[in-house]
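Accompanying notes for the structure given below.
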Amino acid sequence: MPRTSQRQRWWALGALTLSVLTIGFDITIMNVALPTMATELGAGTDALQWIVNSYILLFAGLMLPVGAIADRFGRRRLLLIGLAIFAAASLAAAWADTSGQVVAARAVLGAGAAVIMPTTLATIAVLFAPAERGKALSIVVMGMGAGIPLGPIIGGYLLNHFWWGSIFLVNVPIIAAAMIAIALLMPESRDPSPSRPDLLGGLLSSTGLLSLVYAAIEAPDRGWGDPLILGGFAVALALLAAFVWWELRTPAPMIDLQLFRGRQFTWGNINATVVSFALFGLLFVVPLYLQFVLGYDALDTGLRLLPLIGGFVVGVGGGTRIAGRIGHKIPIAAGLLITATGLAIGSTTDTASGFGFAAVWYAITGLGIGSALTPSMDAVLAVLPPERAGSGTAITMTLRQAGGALGVAVLGSLLSQVYLDRLDVSGLPAQAADVARDSIAGAVGVAARVGNPALASSAQSAYIEGMQLILLVCAAIAVVGAVLTVIFMPGRTAPRTDAEPIAPRDVDREPTALN
């Protein structure tokens, strides 16, 4: 059977990019809709938190077994299933009548995303030769990144003209187009000699990750010393330790942990996690700063994230080209240092700083994140055997999501502590003071209702001080990552000799279009 043509591969890549675009939307679009959903559904704070967190929980918890399943049963087939799940859950969320129904639909959306992401990256690993893989990966990463500012921009427009459920319907035509293109253009690929299913490994990894992410999500609200949180982390540690023990001893492991013996695989994963930590930290603090300190609405906030995404896109392209010429090490380290520079500049923000200053450090930080992220992920793909690409890329995505959830939990606790220490609620009634302490959004709202500009000013100053600390922490982590990369990550690594486009033994059938 003939190999896939170059044109077929690049058309298939377009379909893959559409697949991950909706996941990029989801990072920011919910922030726009939560206030409206709170009013229309009568949802309290806990319900709103779980509308967001149920997605993260399933997304992070299911990727490891999904990657192994894709290798065994076919990546194209599983990607179509994941897209169908995502579309069905989007429709269910759009027409939900209660907050509980939205939480359930969002959990299913997370399960669909857990199928889409590792399967997409695994397909790139087997579909493209090393000379093309970096460029292909950068296109997909830019597609997902483009969804970050588009989320609030599109979401804000839809909420101004339609009902809140319309923010979920935007996924459906995009997914439908992606499914049609994948069905017509993408060849099937799988492990030609799959081992028996590792059911115990899948159970241990999923339950361990679910426990870990749940504890991380709940820790900022319940407190890190709460028995439920401590128990959740203890259970997660025990289950994940048992998973590692089992995977190292079973003759048919779900994932090959021996991959971590390679420094390129290990440091590619570490750096992808560090970069994601910086990105998640930035997206955690910046939208609230734009909305409640600078006073922009959700639509304007989305537009003002464009310098960040513009820098990110430039960085992705530049990092990919440099990595293709001199290897992954230098662009990753340089990207982390640029990221740290942008974050350090951002940490000097004060109440007099305007958007012009913010746009500069957003662009610098985005440039650094983009420069480091794609080479980090490509470093992992470069050493993965094609037959285990699904499980290998699932490791990267799982580490990124679990690390991001833990990072946001820690950063959120730091921000909350600084905010509470600096906020002045003297003279406020007890109930109003509690609302103001809960968040800067609550404080600004209370200040507007009672006509107390001093409260708004205090909340904004307290939030900026917390943001300064968060940005400095992320900058320090980026610097440490850059130094360790220079010391421990290997230089230019020779590509795998088996890293070729899909070979006859890996393809079940050829695409039915573009022959």
Checklist entry - Out of all the residues in the stretch 367-376, which are open to solvent by 10 Å² or more (accessible area, probe 1.4 Å) and of a type in the set (A, V, I, L, M, F, W, C)? => result L367
Checklist entry - Only one of these conditions is not met by A278: (1) more than 30 Å from A68 (Cβ to Cβ); (2) of a type in the set (A, V, I, L, M); (3) within 21 Å of the chain's Cα centre (by Cα). Which number is it? => result (1)
Item to check | Count - residues of the stretch 103-132 that are β-branched (V, I, T), touching a Phe, Trp or Tyr at 6+ places or on another chain (Cβ under 9 Å) and buried (at least 24 other Cβ atoms within 10 Å of the Cβ) | outcome: 2
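Yes/no per residue for (1) in contact (Cβ under 8 Å) with a residue 12 or more places away in the chain; (2) of a type in the set (G, A, S); (3) in contact with a Gly (Cβ under 7 Å, 6 or more places away or on another chain); (4) more than 18 Å from V274 (Cβ to Cβ):
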{"site": "T393", "(1), (2), (3), (4)": "yes, no, yes, no"}
{"site": "A409", "(1), (2), (3), (4)": "yes, yes, no, no"}
{"site": "L415", "(1), (2), (3), (4)": "yes, no, yes, yes"}
{"site": "A433", "(1), (2), (3), (4)": "no, yes, no, yes"}
Item to check | Residue list for the stretch 66-111, restricted to those being within 24 Å of L203 (Cβ to Cβ) and polar (S, T, N, Q) | outcome: none
Checklist outcome for this item: Matching residues in the stretch 281-298 (open to solvent by 40 Å² or more (accessible area, probe 1.4 Å) and closer than 30 Å to A394 by Cβ) number 1
Checklist entry - For the stretch 86-131, how many residues are in a helix (DSSP H, G or I), closer than 29 Å to A382 by Cα and over 22 Å from the mean Cα position of the chain (by Cα)? => result 4
Next on the checklist: at pLDDT 90 or above, open to solvent by less than 40 Å² (accessible area, probe 1.4 Å) and touching a helix residue (DSSP H, G or I) at 6+ places or on another chain (Cβ under 6 Å): which single residue out of I332, I364 fits that description?
Outcome noted: I332
Item to check | Unique residue being closer than 15 Å to L16 by Cβ, modelled with pLDDT of 85 or more and touching a helix residue (DSSP H, G or I) at 6+ places or on another chain (Cβ under 6 Å) when the list is A113, A122 | outcome: A113
Next on the checklist: For a quick check of your reading: which helices (runs of 4 or more DSSP H) sit entirely within the stretch 154-245 and have at least 2 residues that are under 30 Å from F128 (Cβ atoms) and among the small types (G, A, S)?
Outcome noted: 171-185, 199-222
Item to check | Criterion (in a helix (DSSP H, G or I), open to solvent by less than 60 Å² (accessible area, probe 1.4 Å), touching a residue at least 60 places away in the same chain (Cβ under 8 Å) and over 22 Å from T396 (Cβ atoms)) met by exactly one of T320, T273, T301, T339 | outcome: T301
Checklist entry - Can you name the residue in the stretch 59-80 that is touching a Lys or Arg at 6+ places or on another chain (Cβ under 9 Å) and open to solvent by 40 Å² or more (accessible area, probe 1.4 Å) and, of all such residues, is farthest from M254 (Cα to Cα)? => result R77
Checklist entry - Got at least one residue in the stretch 496-512 being of a type outside the set (A, V, I, L, M), open to solvent by 80 Å² or more (accessible area, probe 1.4 Å), at pLDDT below 90 and touching an Asp or Glu at 6+ places or on another chain (Cβ under 8 Å)? => result yes
Checklist entry - When you go through A405, A389, A433 one by one, which is the residue that is open to solvent by less than 10 Å² (accessible area, probe 1.4 Å), within 30 Å of the chain's Cα centre (by Cα) and not aromatic (F, W, Y)? => result A389
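The values are calculated or read from the model by the stated rules, or taken from the named source; none is laboratory data. Computed from a predicted model, the values in this text were never measured in an experiment. Ideal geometry is used to build each Cβ from the backbone, glycine not excepted, and the neighbour counts take in all protein chains shown. Note: areas computed on protein heavy atoms with side chains; ligands, DNA, RNA excluded. Shrake-Rupley method; radii C 1.70, N 1.55, O 1.52, S 1.80 Å.
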